[in-house]
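Read the structure below first, then the notes.
The values are calculated or read from the model by the stated rules, or taken from the named source; none is laboratory data. Not measured: the values here are computed from a predicted model. Neighbour counts are summed over all protein chains in view; Cβ atoms, including those assigned to glycine, are modelled from backbone coordinates with ideal geometry. Note: areas computed on protein heavy atoms with side chains; ligands, DNA, RNA excluded. Shrake-Rupley method; radii C 1.70, N 1.55, O 1.52, S 1.80 Å.
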Amino acid sequence: FGIRAHIWTLPSGLRACLIPRPNWHHSVALVIFRYGAIHTKARIDGRLRTFPAGVAHLLEHLLFERPNKNLFDALADLGADANAFTSHTTTGFHFTTRTSTLRALRITLSAVQSFCAPEASLTRERNVVLRELEGSRQNPDWRLHTTLLNALYHRHPVKIDIVGTPESVRRITLDTLATVHRFFY
């Protein structure tokens with residue numbers, strides 16, 4: 001295809017990939033962290049820590065929080081369309097824009113590399129996530145998907161919904177989120 005990817009590792013350990021597309025009229029950026037819904041246990045400072053299901057997804061929500069303006073609004077001001085996702089193994093933040101690509105990337109990286117959510121934000125986003133969870137339970141396709149995973153995997157955390165359970169989401173604290181962010185981001 002003649003497409004050449006430039007891949008390098010930043011001093012923080014984050015791997016970066018740039019794929020120039022000179023004939024495209026917009027730019028796409030994707031920042032992915034190797035932390036997803038299945039990462040419910042980790043050895044941190046020599047001890048095994050267990051995290052409630054749903055931490056990755058709730059952290060994704062809270063990383064859009066910024067002291068002045070949330071990430072969506074900051075990127076929209078530059079003409080960028082942003083979103084994020086949590087999978088079983090990764091969490092990603094992405095945007096598309098026709099202009100200001102480097103400024104949008106700097107804003108995105110700044111937002112995801114610092115965690116500064118107040119308790120009020122946690123309460124608000126926890127309620128958003130609980131509504132998402134209730135909505136997904138109403139979706140037959142998602143119920144089939146999660147029921148199948150639950151039947152196939154008896155012990156592996158992939159059996160638990162990416163969003164968590166209502167009980168696990170209610171147990172997530174700012175301290176847990178800050179610990180996960182420090183360790184995985």
Revision key, fill the gap. Listed by first then second residue, the pairs whose first member lies in the range 14-38 and is over 30 Å from residue 156 (Cβ atoms), whose partner is modelled with pLDDT of 80 or more and among the basic types (Lys, Arg), with beta carbons under 6 Å and at least 6 positions apart or on separate chains, are 26/98
Revision key, fill the gap. Residue 9 meets each of (1) open to solvent by less than 30 Å² (accessible area, probe 1.4 Å); (2) at pLDDT below 90 with one exception, condition (1)
**Study point:** residue 53 vs. criteria open to solvent by less than 30 Å² (accessible area, probe 1.4 Å) and either among the small types (Gly, Ala, Ser) or out of contact with any Ser or Thr (no Cβ under 6 Å at 6 or more places or on another chain) (or both)
**Key:** yes
Exercise for review: For residues that are open to solvent by 40 Å² or more (accessible area, probe 1.4 Å), in contact (Cβ under 8 Å) with a residue 40 or more places away in the chain and over 17 Å from the mean Cα position of the chain (by Cα), scanning just the range 97-117, find the one that is farthest from residue 11 (Cα to Cα).
Suggested key: 98
Review point. How about the range 148-159: which of its residues are over 17 Å from the mean Cα position of the chain (by Cα) and either in contact (Cβ under 8 Å) with a residue 60 or more places away in the chain or not in a helix (DSSP H, G or I) (or both)?
Key: 153, 154, 155, 156, 157
**Study point:** Scan of the range 171-184 for residues that are assigned to a helix (DSSP H, G or I) and surrounded by 14 or more Cβ atoms within 10 Å (Cβ to Cβ), ordered by number
**Key:** 171, 174, 176, 177, 178, 179, 180, 181, 183, 184
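Of all the helices (runs of 4 or more DSSP H) wholly in the range 3-121, which have at least 1 residues that are farther than 19 Å from residue 176 by Cα? Before the answer, list the steps.
Working: elements: 55-62, 71-76, 101-113.
It comes to 71-76, 101-113.
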Practice item. Give the range 75-95 a look and list any residue that's within 18 Å of the chain's Cα centre (by Cα) and surrounded by fewer than 18 Cβ atoms within 10 Å (Cβ to Cβ), or say none. Key: 81, 83, 85, 87, 88, 89, 90, 92, 94
Revision key, fill the gap. Of the conditions (1) open to solvent by 20 Å² or more (accessible area, probe 1.4 Å); (2) at pLDDT 95 or above, the single one that residue 60 does not satisfy is (1)
Practice item. Considering only residues that are more than 30 Å from residue 46 (Cα to Cα) and among the hydroxyl-bearing types (Ser, Thr, Tyr), look in the range 126-164 and name the one that is most open to solvent (accessible area, probe 1.4 Å). Key: 147
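Considering only the range 15-44, how many residues are polar (S, T, N, Q) and modelled with pLDDT of 85 or more? Steps first, please.
Step one: filter the range 15-44 for residues polar (S, T, N, Q), giving 23, 27, 40.
If we keep only those that are modelled with pLDDT of 85 or more too, we end up with 27, 40.
Looking only at that region, the number is 2.
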Review point. Residue 167 versus (1) at pLDDT 90 or above; (2) open to solvent by less than 60 Å² (accessible area, probe 1.4 Å); (3) out of contact with any Gly (no Cβ under 6 Å at 6 or more places or on another chain): which is the lone unmet condition?
Key: (2)
